[in-house]
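Q: I'd like to ask some things about the structure below.
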Amino acid sequence: MRIVAGSRRGHRIAAPKGTHTRPTSDRVRENAFNLIGPVDGAAVLDLYAGSGAMGLEALSRGAESAVFVESDREACRVINANLDKLRLNATVLCSDAVRVLSTER
């Protein structure tokens, strides 16, 4: 998998091993961001983050901040490794998305 556009365009990102996580493909991310439009300065919430591909793509495209929420510990490690590799800063919450949403205000 690769980052499609922005400052980290073309950089490879990792995905958790196994079949429990299905990363969003490059083509789907590209089409989603074509529909969403510019994300410059946005705060992004990537729920059920998996590999973090959607949030990483948003950060590459100019989002100001991102919070990744994922309950699988291995997936959280992969997201953190992707952030380190791409030299991006974001928050990774290794917790259940419903629990996070019910406690955040």
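The values are calculated or read from the model by the stated rules, or taken from the named source; none is laboratory data. The model shown is predicted, which means the values in this text are computed figures rather than measured ones. Don't worry about glycine lacking a Cβ; one is built from the backbone with ideal geometry, like all the others, and counts go over all protein chains shown. Surface areas here come from the heavy atoms of the whole protein model, side chains and all, with no ligands, DNA or RNA. Shrake-Rupley method; radii C 1.70, N 1.55, O 1.52, S 1.80 Å.
Q: Taking the stated definitions as given, is residue 7 part of a loop (DSSP other than H, G, I, E, B) and among the hydroxyl-bearing types (Ser, Thr, Tyr)?
A: Here the answer is yes, as residue 7 does meet what is asked.
Q: Run residue 47 past the list (1) of a type in the set (A, V, I, L, M); (2) touching a residue at least 40 places away in the same chain (Cβ under 8 Å); (3) over 19 Å from residue 65 (Cβ atoms) and report the number of the one that doesn't hold.
A: (3) is the only condition that residue 47 fails.
Q: Taking the stretch 80-105, which residues are touching a helix residue (DSSP H, G or I) at 6+ places or on another chain (Cβ under 8 Å) and either open to solvent by less than 50 Å² (accessible area, probe 1.4 Å) or aromatic (Phe, Trp, Tyr) (or both)?
A: 82, 83, 86, 88, 90, 92, 94
Q: Sort out which residues of the stretch 14-32 are free of Cβ contacts under 8 Å to residues at least 24 places away in the same chain and in a helix (DSSP H, G or I), and write them in order of number.
A: If the condition is that a residue be free of Cβ contacts under 8 Å to residues at least 24 places away in the same chain and in a helix (DSSP H, G or I), then 27, 28, 31, 32 are the ones that fit.
Q: Of everything in the stretch 40-62 that's over 24 Å from residue 94 (Cβ atoms) and open to solvent by less than 60 Å² (accessible area, probe 1.4 Å), which residue is farthest from the chain's Cα centre (by Cα)?
A: Taking the candidates together, the pick is 41.
Q: Considering only the stretch 64-75, state which residues are open to solvent by less than 10 Å² (accessible area, probe 1.4 Å) and closer than 13 Å to residue 91 by Cβ.
A: Hits for the stretch 64-75 are 66, 68, 69.
Q: Filter the stretch 2-25 for residues that are at negative phi, surrounded by 15 or more Cβ atoms within 10 Å (Cβ to Cβ) and out of contact with any His (no Cβ under 7 Å at 6 or more places or on another chain) and give the result.
A: The answer is 4, 5, 8, 11, 13, 14, 15, 16, 21, 23, 24.
Q: Got a number for residues in the stretch 33-55 being over 16 Å from residue 3 (Cα atoms), aromatic (Phe, Trp, Tyr) and assigned to a helix (DSSP H, G or I)?
A: Final tally of qualifying residues: 0.
Q: Sticking with this one: Suppose we filter 58, 63, 81 for residues that are closer than 23 Å to residue 6 by Cα, among the small types (Gly, Ala, Ser), at pLDDT 95 or above and assigned to a loop (DSSP other than H, G, I, E, B); which single one remains?
A: 63
Q: Now, a different point. Among (1) at pLDDT 95 or above; (2) loosely packed, with under 12 Cβ neighbours inside 10 Å, where does residue 37 come up short?
A: (1)
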